[in-house]
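A short worksheet on the structure shown next.
The values are calculated or read from the model by the stated rules, or taken from the named source; none is laboratory data. Given the structure is predicted, the values throughout are model-derived calculations rather than measurements. Every residue, glycine among them, receives a Cβ derived from its backbone with ideal geometry; neighbour counts consider all protein chains shown. Keep in mind that these areas ignore ligands, DNA and RNA; they rest on the heavy atoms of the full protein, side chains included. Shrake-Rupley method; radii C 1.70, N 1.55, O 1.52, S 1.80 Å.
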Amino acid sequence: MKNIIILILFCAFFFSCKKESTNDFKANKTIDSLLTEAAKSINTNTKLIVANKIFDELEGDDLDSISRKQNVELARIYYSLNNKKYVNICKRILSDQNIKNYNEISFCNFILGNYYYNDAKYDMSYLYYSNAEKAFLKLNDLDYVSFSLAFKANILIYRKDFIGSEVLAVKALKIAIKKNNYELIYNCYLTLGNSSLGLSNYDKANEYFLRALLICENLVVNSNYSAFSAQSLNYISVVYQKQKQFNKAIQYAQKGLNVKNIKKIDPSIYSYLVNSLAYSKFKMGDKSSVKYFIETLKIGDSLKFAPIQITSKTYLGEYYLAQKDTLKANFYLKEAQVQSHKNNIFEDELKILQLLSQTNPNDESFYSSRYITLNDSLQVVERATRDKFARIEFETDEITTERNSLSAEKEYLSFQRLIILGISILSIIVIVLWFMNKSQKAKTRELLLKQEQQKANEEIYQLMIDQQQKVQEGKNVEKQRISLELHDGVMGKLSAVRLNLYAALYKANLIEDETFSLQIDEIQAVEQEIRNIAHDLNSNLFSDNSNFIAIVKELFTKIENHSKIQFTLHVSDAVNWDLINNVVKINLYRILQEALQNIEKYAEAKNVAVIMTKTESDELQIEISDDGKGFDTTLKKNGIGLNNMKKRVAELNGKLDIQSALKKGTKINLMIPF
């Protein structure tokens, strides 16, 4: 026995060694509180100071599940501050071979993809977006899967892989449509339009750009609505420009410029629209276009945005070439050529080289040679890029497979250790239980006796339930019998009396007498009431599968069909109708039915509101209010209907309160425990 106790103490010591030290716990608690402070801070300077403090605390520490989570939160804060420290943090997290949390993997890969995308390093961006896409698929986060696909599709456009871009954009579009993500649908249509434009399929490109324009109608509340509309109109104008339909190009460019405050909202889109308008006018012989090119060049210079600067300078060069002013043409074209080469905008450089060969006839062979060399190298790069991206996809899958294999091997070794540890612990438990069993036989016998007693009690309880069920079945049979008697007996006789009375009055020429006519109508109303009672008795209105709220709404509909009363129903989500007994539901329905019938008959109300909520003391509270003529509660005598309501409330151990005054409507409050 002494040896067993020593062994148990050794195991306890072994497990305690696996726990964090008190200092580590305090350190983690401090970092978590700092992360919370940084996340909540509105002041960017304060947020950065706190973030840097956390960075210093975490730097150099080994990564585990807790520190990885803290690093992810820190990267999220730096990302929101547009501070590039998040890049190194994310790379460090992803380099951890033990990482299995797909939320962390997807986040780090996605924001690194964004970083390299904005930095125009498309190879790296494509790699990280591919990794993010796979992680989001593991999480079944289709929204971010579609975002990753859309970014990858745009990268392929930049690399002239228009068919590959189209495939990815269609995948992203399908998810976006399923999720009703209109902004992403808009961007996918733009990507598909640009892919078709790259393939010189102008009709298809226009179709996609027009769809993007239509989708803008679903983005009216979006802060970028004006920019979205103007951008799609510009693309449509460009397509018509490519087709040399300059009138239509001018028409759509002008529509884009008519978008309210577009120059202030997005100067770059405004510049593209002005350039599109001016170039189309220039092609139609309008010399006023030069002032527009100069305007957009100034905007491009102020924004320091190379694409606008290059486009404006190219158009100015082409304009002055048409005016045979080769000096100015050369000035703008050579500047545009240097700038496009520097910014790797080679598509524009090809066009500029063609124009330079025209402005410099003596150097035509030089520029033509450069054009051919650049064009050939671009085609080689495009082919290599397509192969590279395909290889990225393959290598990403290969790395994932290898990592999964290593993880599986590691898990297997851990599993072996757990089995050995489990067998050891199980052996100890068996020995301890054997000694406990030997010393506690008396307690075991007592427990068995208690179990037998409990079993006997359960059998008695089951017999009581069975008896109650038989009583309920008897009630149901009796209800059906009464229903048949009312329907076939009492109601039949009443019908006969009404018909006989009608015949007698007809013979006595008293059928037109209003007094007798009202009595016949009253008999007919009694028949209908008996028919309703018989129907209710014969149907299991509140079975377990019934929807109580739906039944109440049906009651409203029945009254609305023959009256002008408008009903409003508000049911709190806090009320769980599945937990409310059917007896309570039946009585509550009858109380509502009686109250609403009284309102219909006497109140002359136009609107009735029913509110059902749950109180803090777990009572069901029902308020029935109307805007009718009301009554003096001190003078009004209790009728049968009101007495029935009070009786039903009393059966449910509830409370009934009626508040009313002349010309001020009536309010009925019910409080029912459940």
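Remarks
- When M671, M491, M124, M284 are compared by accessible surface with a 1.4 Å probe, the order from highest to lowest is M284, M124, M671, M491.
- Within-14-Å neighbourhood charge of L142 [Cβ basis; K, R +1; D, E -1]: +3
- Computed from the Cβ-Cβ distance with R0 of 60 Å, the FRET efficiency linking N140 to K507 stands at 0.15.
- Cα gyration tensor shape of the stretch 199-355, rounded if a/c is under 1.5, else prolate or oblate by comparing a/b with b/c: prolate
- Its alpha carbons considered, the stretch 241-315 gives a radius of gyration followed by a Dmax of 11.7, 32 Å.
- Exposure of R648 as accessible area (Å², to 10), given a probe of 1.4 Å and all protein chains: 80
- From phi via Karplus (6.51, -1.76, 1.60), per-residue ³J(HN,Hα) for the stretch 295-311 in Hz, x at Gly/Pro: 4, 5, 5, 5, 5, x, 5, 5, 7, 6, 10, 4, x, 5, 4, 5, 4
- Legend: residues V338, V526, V221, sorted from most to least accessible area (1.4 Å probe; ligands, DNA and RNA excluded), read V221, V338, V526.
- Ligands, DNA and RNA aside, R445 has an accessible area near 150 Å² when probed at 1.4 Å.
- Only Lys, Arg (+1) and Asp, Glu (-1) charged, at Cβ; the stretch 540-631 dipole about Cα centre in debye: 400
- Each principal axis of the Cα atoms in the stretch 24-119 has its own extent, and those three values, largest first, are 33, 30, 21 angstrom.
- Under 19 Å from the Y225 label point (7 Å along Cα→beta-carbon), backbone N, the stretch 181-195: 181-187
- E623, E514, E183, ranked by accessible area, largest first (probe 1.4 Å): E514, E183, E623
- Rolling a 1.4 Å probe over the protein heavy atoms leaves E295 with an accessible area of roughly 50 Å².
- Taking 0.36 nm per residue of sequence separation and removing the Cα-Cα distance, the Y102/F346 pair yields an extension gain of 84.0 nm.
- Along its first, second and third principal axes, ordered by size, the stretch 618-674 spans 35, 22, 15 Å in Cα coordinates.
- Set K85/K152; K248/K283; K264/K342 screened for pairs whose C-alpha atoms are more than 18 Å apart: K85/K152; K264/K342
- Shape analysis of the stretch 531-674 based on the Cα gyration tensor places the equivalent ellipsoid semi-axes at 23, 18, 16 Å, largest first.
- Solvent exposure of the stretch 558-674 amounts to 61 Å² per residue of accessible area, where only protein heavy atoms count and the probe is 1.4 Å.
- Rg over Rh [alpha-carbon atoms, Kirkwood Rh] for the stretch 257-299: 0.99
- Temperature 37 °C, viscosity 0.692 mPa s: under these conditions the Stokes-Einstein estimate for the stretch 278-333, based on its Kirkwood radius over C-alpha pairs, is 296 µm² per second.
- The stretch 37-185 - Rg (one decimal) and Dmax (whole number), Cα, Å: 16.6, 48
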